[in-house]
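Accompanying notes for the structure given below.
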Amino acid sequence: MSEHTQPYTPEFTGGFAAQSVIDDPAPHTAAPVVVPGVPQFLGRWRFVLVTAAVWILAAAAGAGLYYWWYHSLEKSLPVFAVLVYLVACIVGGLLTAMVQNRPSVTALAIAFMSAPLASTAGAALLYGGYVFGWITR
């Protein structure tokens, strides 16, 4: 027969002192560097122009991808191209969002992240043209 084992309970003899999180001051972060002559904001009209430029290109891309999908017999390649386009928009938006202290690049990142919405609008316009008979098949 075997002996029954007892649960292990460690004995603390006070050989070390635990550090407190409250007593340690937080590490100081560096203050943001403000470069004279470089604006730290972006005007409304410049934001609108940057976003509109990206959205026009994205709407054209969405309409083109929908046209390709609509007229192709094998749908797998256009669907894969849409997936690659979406991943490119997301990765492009995330990479441009990592640029600091550049307001125009931040506007570009917002435009890249919202480009699939504009692509959907472009494809919806083409779809509406087909459905309502504005465009002949």
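Take the conditions surrounded by 15 or more Cβ atoms within 10 Å (Cβ to Cβ), assigned to a helix (DSSP H, G or I) and among the small types (Gly, Ala, Ser) and apply them to Ala58. Does it pass? Taking the combined requirement at face value, the residue satisfies it. Taking the listed residues Gly14, Gly37, the one that is at pLDDT below 70, out of contact with any His (no Cβ under 6 Å at 6 or more places or on another chain) and either assigned to a loop (DSSP other than H, G, I, E, B) or over 18 Å from Ala118 (Cα atoms) (or both) is Gly14, with no other qualifying. Among the residues of the stretch 80-137, the one identified as in contact (Cβ under 8 Å) with a residue 60 or more places away in the chain, within 23 Å of Trp69 (Cα to Cα) and not in a helix (DSSP H, G or I) is Ser114. Taking the criterion of being over 15 Å from Phe112 (Cβ atoms) and surrounded by 16 or more Cβ atoms within 10 Å (Cβ to Cβ), the residues of the stretch 68-93 that qualify are Pro78, Val82.
The values are calculated or read from the model by the stated rules, or taken from the named source; none is laboratory data. Predicted model, so just to flag it, every value in this text is computed and none were measured. All Cβ positions, glycine included, derive from the backbone under ideal geometry; neighbour counts span all protein chains shown.
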